[in-house]
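Asks: This structure is in structure tokens; I'll ask about it shortly.
Any read-out appearing in this document is the output of simple, stated calculations on the displayed coordinates, not a laboratory observation. Computed from a predicted structure; not experimentally measured. Counting neighbours? That spans all protein chains shown, and the Cβs are built from the backbone with ideal geometry, glycine included.
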Amino acid sequence: MKKALITGITGQDGAYLADFLLRKGYTVHGIIRRASTFNTDRIDNLYKDPHDPKAKLLLHYGDMTDGTSLRRIIEKVQPDEVYNLGAQSHVKVSFEQPEYTADVVYMGALRLLEALRDYIEVSDLQVKVYQAGSSEMYGASKPPQTETTPFHPRSPYAVSKLAAHWLGVNYREAYGMFISNGILFNHESPMRGETFVTRKITRAVGRIKLGLQDKLYLGNLDAKRDWGFAGDYVEAMWLMLQEDEADDFVVSTGEMHSVKEFAHMAFKLAELDWEKYVEIDERYFRPTEVDALCGDSSKARKQLDWAPKVDFPTLVKMMVDHDMELAKQEATLKAAGHEIGLRQLKQS
Ligand code: NAP
Ligand code: F7E
């Protein structure tokens, strides 16, 4: 039975990937950060008491900013596959916290690769590594973007991801390590963090419909993205590590929509006119914007035999349906006199 180690297991992709790998029979080890409140909501449904001999999901405290913890965990777990998903992944926040973003995203990847390099040398075992790269690395380069499109990152997040991408290439060439870089375009789901634009919109649609919110404040409505479903994209991560040789792959749907189109479709599903509720707030604009991303994933489709299963309207509906249910729960609790914060509602 294979063992996988996931950094960022408590995030959107970490939760989908852990579920996917457990279904494949893997023992899954995840790195979690210590926080003053619980941060394991997205994987609680997969978790069993570690004293249970049947437990196949095991969690370890660690941090991408703490190389010692990464080394210890690798030596203890002895993984066959490592998925490096841990990141400060919010582009706008990266302008406010550039040093921290670079520390987690770039230096974190370096710490992980250095620990793995030593582990592989001492143990003489093979470890396959997935590095979570991003379409943000293309930034100002015009769509459609492929593996050969020049990179032009437009944020501290994107610059850090690009540096981590090149580390993967360099460690592959220098030390013969198996490191595959996924260049994933935006992927969303009902488990998407609530400050990313898609989920911010679908949460607002549910809350506005139920009378819990009046307005939705957004930034640049003209930005265009290639939005896919996270559940489809974690399969591509796994497929990359089942190859005989490491390589870099674009993962995308090949369809592009604007933020405005997403909002229009989401509000329409709830029989609401988006223009009555959406207002622009400058604070959500970025110092440098990425205008248009649309991936050409021909290589992944051919070489990995991968294709997305969920299309754009299905994705929007899936998220709206989920968040309508969440808003109903919130309204019920409010009617019973419980003024609750969003985070107290369990994400499912
Ligand atoms: P996410 O929901 O923001 O999850 C990020 C994960 O990283 C969380 O588990 C978070 O832990 C963890 N993390 C943050 N800082 C850390 C630190 N200092 N040490 C250890 N772990 C830390 O992101 P996602 O959407 O699942 O994305 C997964 C990865 O793919 C990220 O690297 C992201 O940059 C990249 N990516 C995402 C997309 C996308 O569209 N979703 C596209 C391309 C690339 P907490 O739960 O404790 O915060
Ligand atoms: O923004 C615009 C915003 O924050 C999408 C991360 O997973 O995907 C994600 O990065 C677009 C941008 O995602 C609001 O200006 C308008 O043009 O949902 P987002 P992102 O920046 O594309 C990539 C691939 C990653 O790798 C990242 O980790 O929407 N936008 N109004 C807004 N964005 C936000 N967040 N909030 C708004 O109010």
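Asks: Residue by residue, what Karplus-based ³J(HN,Hα) values in Hz, rounded to whole numbers, does the range 308-322 have, using 6.51, -1.76 and 1.60 with θ = phi - 60° and x for Gly and Pro?
Replies: x, 9, 9, 8, 4, x, 5, 5, 4, 5, 4, 6, 5, 4, 4
Asks: Under a no-solvent Debye model with one identical scatterer per Cα of the range 214-348, what's log10 I(q)/I(0) at q = 0.17 Å⁻¹?
Replies: Debye output, listed in q order: -1.08.
Asks: Quick one: helix 230-241 against the long Cα principal axis of the chain, what's the angle to the nearest 10°, folded into 0 to 90?
Replies: Approximately 10 degrees, to the nearest 10.
Asks: Between the alpha-carbon centers of the range 69-148 and the range 250-278, tell me the distance in whole angstrom.
Replies: When both Cα centres are located, 31 Å separates them.
Asks: Once phi is turned into ³J(HN,Hα) by the Karplus curve 6.51 cos²θ - 1.76 cosθ + 1.60 with θ = phi - 60°, what whole-Hz value does each residue of the range 134-141 show in order, with x for glycine and proline?
Replies: After applying 6.51 cos²θ - 1.76 cosθ + 1.60, I find 9, 4, 4, 5, 6, x, 7, 5 Hz.
Asks: While we're looking at this one, here's another question. Where in the range 265-308 does the amide nitrogen come within less than 20 Å of the point 7 Å from the Cα of THR148, taken along Cα to Cβ?
Replies: Taking a point 7 Å out along Cα→Cβ of THR148, the residues of the range 265-308 whose backbone N falls under 20 Å are 294-305.
Asks: Then there's this: Please turn the phi angles of the range 13-30 into ³J(HN,Hα) values with the Karplus equation 6.51 cos²θ - 1.76 cosθ + 1.60 (θ = phi - 60°), one per residue in order, whole Hz, x for glycine and proline.
Replies: Karplus values, whole Hz, x for Gly and Pro: 5, x, 5, 5, 5, 4, 4, 4, 6, 4, 5, 7, x, 6, 8, 10, 10, x.
Asks: Now a separate question. Leaving out same-chain residues fewer than 8 places away, which lysines sit with a Cα under 25 Å from that of LYS161?
Replies: Hits, sequence-local ones excluded: LYS92, LYS128, LYS142, LYS200, LYS224, LYS299.
Asks: Charges at C-beta only: +1 for Lys and Arg, -1 for Asp and Glu. How large is the resulting dipole of the range 85-134 about its Cα centre, in Debye rounded to 20?
Replies: Using Cβ point charges on Lys, Arg, Asp and Glu, the range 85-134 gives about 220 debye.
Asks: Nearest 10 degrees, 0 to 90: what angle lies between the long axis of helix 156-175 and the longest principal axis of the chain (Cα atoms)?
Replies: Helix 156-175 sits at roughly 20 degrees to that axis.
Asks: Please list, ordered by chain and number, the residues whose modelled amide H lies under 5 Å from the amide H of LEU184; skip anything fewer than 5 residues away on the same chain.
Replies: Sorted by chain and number, the residues that satisfy this are GLY133, SER134, SER135, VAL251.
Asks: Which shape class applies to the range 1-135: rounded if a/c is under 1.5, otherwise prolate when a/b exceeds b/c and oblate if not, where a ≥ b ≥ c are the square roots of the Cα gyration tensor eigenvalues? If you can, show how the numbers build up before the last one.
Replies: Numbers: a/c = 1.73, a/b = 1.18, b/c = 1.47.
Cα axes put the range 1-135 in the oblate bin.
Asks: Before anything else, pin down the relative contact order of the chain: Cα pairs under 8 Å, at least 6 apart, normalised by residue count, whole percent.
Replies: 17 percent
Asks: Loop only per DSSP, at most 14 neighbouring Cβ atoms within 10 Å: give me the GluC sites (Glu not before Pro) in the range 136-174, ordered by residue number.
Replies: none
Asks: Helix-derived [θ] at 222 nm for the chain: sum -39500 (n - 2.57) over DSSP H runs of at least 4, divide by residue count, nearest 500? Display every interim value, and only then the final one.
Replies: Working: 12 runs with 140 residues, N = 348.
Value at 222 nm, helices only, nearest 500: -12500 deg cm²/dmol.
Asks: Next question. Could you pull out every residue, at least 5 positions away or on a different chain, whose amide H is within less than 5 Å of the one on GLY86? Hs are placed 1.01 Å off N in the peptide plane, and Pro or chain starts have none.
Replies: THR7, GLY8
Asks: With a Förster radius of 25 Å, plug the Cβ-Cβ distance of ARG23 and SER298 into 1/(1 + (r/R0)^6) and report the FRET value to the nearest 0.05. Working shown, then result.
Replies: Details: r = 28 Å, r/R0 = 1.11.
Computed FRET efficiency for ARG23 and SER298: 0.35.
Asks: Related question: For the charge dipole of the chain, defined by +1 on Lys and Arg C-beta atoms and -1 on Asp and Glu C-beta atoms about the Cα centroid, which residue among ASN45, PHE285, LEU5 has the Cα displaced farthest towards the positive pole?
Replies: Of the candidates, ASN45 comes out farthest on the positive side.
Asks: Where nothing but the Cβ of Lys and Arg (+1) and of Asp and Glu (-1) is charged, how large is the charge dipole of the range 207-348 around its Cα centre, in debye to the nearest 20? Don't skip to the end; give the middle numbers.
Replies: On the way: 19 positive and 28 negative charges, 141 e Å.
Here the size comes out at about 680 debye.
Asks: Residues with amide H under 5 Å of TYR217's amide H, sequence separation 5 or more or different chain, H placed in the peptide plane at 1.01 Å from N; which?
Replies: GLU279
Asks: Please give the charge dipole size of the chain, origin at the Cα centre, charges +1 on K and R Cβ atoms and -1 on D and E Cβ atoms. Round to the nearest 20 debye.
Replies: Approximately 700 debye in magnitude.
Asks: List the residues of the range 223-262 whose backbone N lies under 15 Å from a point placed 7 Å from the Cα of PHE95 along the Cα-to-Cβ direction.
Replies: 223
Asks: Just to check, using Stokes-Einstein with a Kirkwood Rh over alpha carbon pairs, what's the diffusion coefficient of the chain at 10 °C and 1.306 mPa s in µm²/s?
Replies: On the way: Rh = 20.9 Å.
Reported coefficient: 76 µm²/s.
Asks: Against the longest alpha carbon principal axis of the chain, how many degrees, from 0 to 90 and to the nearest 10, is the axis of helix 67-77 turned?
Replies: 70 degrees
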